[in-house]
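*Asks:* The following block contains the structure, expressed as structure tokens.
The values are calculated or read from the model by the stated rules, or taken from the named source; none is laboratory data. Only a predicted model underlies this, so the values are computations on that prediction, with no experimental measurement involved. Cβ: placed from backbone, ideal geometry, glycine included. Neighbour counts: every protein chain shown. Heads up: the accessible areas ignore ligands, DNA and RNA and are worked out on the full protein's heavy atoms, side chains in. Shrake-Rupley method; radii C 1.70, N 1.55, O 1.52, S 1.80 Å.
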Amino acid sequence: MIQTKLCTPKISKDVVRRKKIEEKLALLPKYRLALVSAPAGYGKTTSVVSFLEKASVKYAWLSIDEADNDPVRFWNYIKASLSSIVGDEKISGLSINPELVSSNIAIDLLINILNEIPEDIILVLDDYHLIDNRIIINSVEYFVKYRPPKLSIIILSRQEPVYGFSKLCCRETAIRLGMKDLAFSTDETAELFSQRGVHLGSAEITALEKCTEGWAAGLVAASFSIRDGEKAGDSVNSFSGKNHNIDDMLENEVFGKWPADVRDFLTYTAFLDKLTGPLCLMVSGNERSTELLKKLSETNSFIIPLDHNNTWYRYHHLFQEFLMQKLEAKSKSVRRSLFGLAGQWYQENGYIQDSINCYLKAEEYEKAFPLVWDIYLEVAQNGEYSLWRKWIESMPQELCESDVRACTGYSWILSIENQVEEAELWADKAMACFERIKGSLAESERDYLEAHIMLAYVNAAIFRSDADSIIRYYGRIYQLAVKTPVFVGEMNSGEPNLLETAYGFKGRLNKVTGVYESIIEDAPRVLGDFSAYFSAVLAECFYEKNELKKVYSTLLKCVGRISALRNPGIIVPCFITLAKLKKARGNLNGALDIIEAGRKVLDADNTVWSYFFNVFTSELYINRGDAGNASKWLNADRLGIFDALSVSRELEYKVFAEFLILTGRLDEAMILLGRLEDFAKREDRLGSRIWALCQKAICADRLGEAKISMDALHEALELGFNDGYARTFADLNRPMSDLLTKYKSWVKETGKNKYLEYSKRLLKLTRENIKLQNAAGLQKSEKDDNNPVKGQLSERESVVLKLMVEELSNQEIAERLFITVRTVKYYNARIFDKLGVNNRLEAIIKARSLGFDR
């Protein structure tokens, strides 16, 4: 991250005060949005900076460039700029990835954090016209629409109107500053020249004003010419700026007046978005680089300081565009040499992404390639897949095809983006490369690289839901002597339920058990801690099949790996599964305790993933019939039935549909459920589709639409039959029990009895669930009030939670604790502490009483 992008541009102390502009911007607390749009050179940035420096309010600044057209990069910069003035760790800890941005989850969470700030702040987005990514544009418009009351936003752009913000201006809910507002008046023009030591008569000022039409850049360029001329009147008459031909103006009035060494310096550094002395020295070879930057800045020569230490600068955009034309006139070899020198400086000083970009422009691919691979894991973890892919696709294909891990990494990203055929093609290329070089490799390296290739094939097969191929590839992997765990890419970029992802075969329960039960034992050796994802998917699957004992046993075996990962992408699904398990036993309070324990595990109150906990908490309150708390945790007032749906927000809108049903808004619920059903069908998410049909059946029944209700329930039974779906039905309790009872009569009337026995099993399970709920309700008054924790969690469950919540220094301790009491012999002190006992004998007795009878 380039910190200078977050610095407010420095302006001259003698800047002309724009009173009319300041008066308009002073209304910002009332409107909370200002749009400043005018062509280049009208002084947008200078006017806003001048206003902010006089205002008694904190402000954050972001200077946008073309590279910010990546949603993850853009919102990471927004996050950093706001964090720099608010100082809230929740903002800096906010996770950002493409799905979280496109679904506006990350934006919602940022808004919620900013809602809590006690003082007014301003966010400035400079050069917003450079953004053309539709996802970013939509997310910014959403952010502006729901901006918190203490946040004001100023947007500077060359384009007018600024995308979708013109609607806000029409409603008179924003301040608008355009070209006419920014044009210099007669008095301001006179003051500008006076500050530069040029005193003009009224006739000369009028001539200049007519010539430039108050265009600030034209007036500045004119000041160079007039200041250097012998007679001001003659200079004014010879100055021609009425056509706004900035290139001719800069050539004749500015650039051409400097000595040759300064012109060369400016030309050779034109491509640099940010300038600093050592970098410019490396590129231009001019020993006076630092001195030149400072001198040119002090004389207002279209160079803008970016910090108060006069370390970093940038060219005015107009001037940089002019200089780039000069640079383009140089030979290709000269330009490549300059890019290469910049890449070298960036690499030596730790600016790896800038280094890669410069090396690519220099066509020095051999230098860029190792950097691209070195940064792969960081980029993949941050969700910046498009950036890494752009780099790889900028390389000669034969270079990428000569590296096994580059091919497998690219294959993995293509799979994530659901381009499975391309992913398999690159896995083939990885294998072809491996066949060429394997003879020169040591056995350990050979096995390691082959495992990489097999996992690339596995990932493509997972996105095809090809269970047989997955098992076959893993069979080959397990034959290899892999000593170092292999990791190719992230498995969960932002979903609270792994079962609905590609890694859960989108809810195909039989495939989940068929694949993962056959590979789970050896997975830790190959994937290391990341093998815990398979256990988490299995646990969710066992829950849905109502094999509840297997849920605990599956999760307990991987507690150490989950703890070692510290990855919210697995922590959140695991704790939600544990909470569901508690709810299935009729204990909603216990489920809430588990979710609260999960929040404590997340690093630095990880807001994005805590959001999923909030949504699930809302669902638990809905199950209790508490609409008030449900609405609070869900932020229901910000949701609409026609909002865009996405995989990351699916759970939120599922819970919103349940909320609508709870509060009697049945017509709205039916519309949203229809959209959720279509979305699940389009995304091929089986569990979500069954859930939507079940809720649709309940909602239609309450509306008196018996046929629609029974048809929806029958379709849900049809979809769930082969995979043995159970909890999706049973967890709906009384409404589902009533529907399944009616279904028996419906079967008699229609003769559609294929799923009758299945429905009877579900009815029995649902009634058992209702009994547990009723029993738990009776127990609550006796136990929960006096001992709220122990009344909700068994001792065994408390031990499980303790281990999951704490960061364990030794994962072996965690696993052995649940496998055998022999561990006591080796880890007495730690085990005694965990079990709350004083000696080995007490530990054995306590462990056996908790079920660890081995």
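*Asks:* Hey, how many Å between the Cα centroid of the stretch 189-217 and the Cα centroid of the stretch 36-51?
*Replies:* Using only Cα atoms to place each centre, the spacing works out to 18 Å.
*Asks:* Decide, for the stretch 378-531, between rounded, prolate and oblate: order the square roots of the alpha carbon gyration tensor eigenvalues as a ≥ b ≥ c, take rounded if a/c falls under 1.5, and otherwise choose prolate if a/b is larger than b/c, else oblate.
*Replies:* Numbers: a/c = 1.77, a/b = 1.18, b/c = 1.50.
Judged from the Cα gyration tensor, the stretch 378-531 comes out oblate (a/c at least 1.5, b/c at or above a/b).
*Asks:* Moving to a separate point now. Would you mind getting the accessible area per residue of the stretch 523-583, heavy atoms of the protein chains only, 1.4 Å probe, in Å²?
*Replies:* Working: 1380 Å² over 61 residues.
Per residue, the stretch 523-583 has an accessible area of 23 Å².
*Asks:* Right, here's the next one. Do any trypsin sites (Lys or Arg not before Pro) in the stretch 534-612 lie in a DSSP loop with no more than 13 other beta carbon atoms within 10 Å, and if so, which? Intermediate values should be presented prior to the final figure.
*Replies:* Numbers: sites: Lys545, Lys549, Lys550, Lys557, Arg561, Arg566, Lys580, Lys582, Lys583, Arg585, Arg599, Lys600; in loops: Lys545, Lys557, Arg566, Arg585.
Filter output for the stretch 534-612: Arg566.
*Asks:* As an exercise, use a Förster radius of 60 Å and the Cβ-Cβ distance of Lys326 and Ser745 to find the FRET efficiency, rounded to the nearest 0.05.
*Replies:* Details: r = 85 Å, r/R0 = 1.42.
Here the calculated transfer efficiency is 0.10.
*Asks:* For the stretch 636-652, in order, what is each residue's ³J(HN,Hα) by Karplus, 6.51 cos²θ - 1.76 cosθ + 1.60 with θ = phi - 60°, in whole Hz (x at glycine and Pro)?
*Replies:* Calculated HN-Hα couplings, in order: 4, 5, 9, 9, x, 6, 10, 4, 5, 9, 8, 5, 6, 9, 4, 4, 4 Hz.
*Asks:* Considering only protein heavy atoms, what is the solvent-accessible area of Asp468 at a probe of 1.4 Å, reported in Å² to the nearest 10?
*Replies:* 120 Å²
*Asks:* Let me ask you something else. Carbon and sulfur together cover what percent of the accessible area of the stretch 246-301 at a 1.4 Å probe radius? Could the numbers behind the result be given before it?
*Replies:* On the way: 1080 of 2360 Å².
Exposed carbon and sulfur together represent 46 percent of the surface.
*Asks:* Compute the distance from the alpha-carbon center of the stretch 692-710 to that of the stretch 388-406, in whole Å.
*Replies:* 53 Å
*Asks:* Round to a whole number: what % of the accessible area of the stretch 429-491 belongs to carbon and sulfur, probe 1.4 Å? Don't skip to the end; give the middle numbers.
*Replies:* On the way: 1360 of 2770 Å².
So the carbon and sulfur contribution to the accessible surface is 49 percent.
*Asks:* Let me ask something else. Ignoring ligands, DNA and RNA, what accessible area per residue does the stretch 307-420 give at 1.4 Å, in Å²? Display every interim value, and only then the final one.
*Replies:* Working: 5110 Å² over 114 residues.
Result: 45 Å² per residue.
*Asks:* At a threshold of 8 angstrom on Cα-Cα distance, excluding pairs fewer than six apart, so keeping six or more, what relative contact order does the stretch 446-539 reach in percent? Present the calculation step by step, with values, prior to reporting the outcome.
*Replies:* Values: 104 pairs, mean separation 28.3, N = 94.
For the stretch 446-539, the relative contact order is 30 percent.
*Asks:* Follow-up. If you stretched the chain out fully between Lys549 and Ala706, how much longer would it get, using 0.36 nm times the residue separation minus the C-alpha to C-alpha distance?
*Replies:* On the way: separation 157, 0.36 × 157 = 56.52 nm, distance 3.70 nm.
Additional length available on full extension: 52.8 nm.
*Asks:* Please list 3J(HN,Hα) in residue order for the stretch 577-588, calculated via the Karplus relation 6.51 cos²θ - 1.76 cosθ + 1.60 where θ = phi - 60°; whole Hz, with x for glycine and proline.
*Replies:* 5, 4, 5, 4, 4, 5, 5, 4, 8, x, 10, 5
*Asks:* State the percentage of accessible surface on the stretch 515-674 attributable to carbon and sulfur atoms; use a 1.4 Å probe and exclude ligands, DNA and RNA.
*Replies:* Working: 2400 of 4860 Å².
C and S fraction of accessible area: 49 percent.
*Asks:* Right, here's the next one. Can you flag which of Lys506/Lys600; Lys696/Lys764; Lys19/Lys274; Lys511/Lys748; Lys438/Lys511 are past 26 Å Cα-Cα?
*Replies:* Lys506/Lys600; Lys19/Lys274; Lys511/Lys748; Lys438/Lys511
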